[in-house]
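Only the coordinates and a few stated rules stand behind these numbers; no lab work does. Keep in mind the model is a prediction, meaning the values are calculated, not measured. Cβ atoms come from the backbone with ideal geometry, glycine included; neighbour counts cover every protein chain shown.
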Amino acid sequence: MSRRCELTGKGVMVGNNVSHANNKTKRRFLPNLNDVTLVSDALDRSFQLRVSASALRTVDHRGGLDAFLAKASDGDLSPRALKIKRDIAKAQAAA
């Protein structure tokens, strides 16, 4: 399972631990990923996604999964999230 947010594409970053003596050793900054269940109002079903905490706050701020995916760029989304976005667009066009 990759350490990448399915909604924002946020992934692992690399940097240095710097000691008091200014010695530098490589380290990894891991994203704060959570397994969450988000509900789509247009499709009337829920989806399990691996999402960063900041993305979860953004989904809440924008008014739910449907509104978030409508504004999200396709390049940031995982293939699963992209399929959900297309399904939501179809359901909203039909309604």
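Before moving on, here are some points about what is shown:
- Sites Arg80 and Lys24 - FRET efficiency at Förster radius 35 Å, r taken between beta-carbons, to 0.05: 0.40
- Normalising the average separation of contacting C-alpha pairs (under 8 angstrom, six or more residues apart) by the number of residues puts the relative contact order of the chain at 28 percent.
- Among Ala55, Ile88, Ser40 - extreme Cα towards positive end, dipole of the range 13-94, charges at beta-carbon: Ala55
- Alpha-carbon centroid distance for the pair the range 1-28 / the range 51-74, whole angstrom: 24 Å
- Residue-span extension gain [Ala70 to Met13] - 0.36 nm each, minus C-alpha spacing: 17.8 nm
- Gain in span if fully extended, Asn34 to Ser54, counting 0.36 nm per residue against the direct Cα distance: 6.2 nm
- Sorting the segments 5-15, 19-29 by their residues' average number of neighbouring beta-carbon atoms within 10 angstrom, most packed first, yields 5-15, 19-29.
- Dipole magnitude (debye, nearest 20) for the chain, charges at Cβ of Lys, Arg, Asp, Glu: 560 debye
- Folded to 0 to 90 degrees: helix 53-62 orientation relative to the chain principal axis, Cα: 30 degrees
- Environment charge of Ala89, counting only residues whose C-beta is closer than 14 Å and scoring Lys/Arg +1, Asp/Glu -1: +1
- Mean projected area in nm² (Cα convex hull; one quarter of hull surface) for the chain: 7.3 nm²
- Furthest towards positive pole of dipole, Gly15, Gly64, Met1, structure part the chain, Cβ charges: Gly15
- 222 nm mean residue ellipticity, helices alone, for the chain (DSSP H n ≥ 4; -39,500 (n - 2.57); rounded to 500): -10500 deg cm²/dmol
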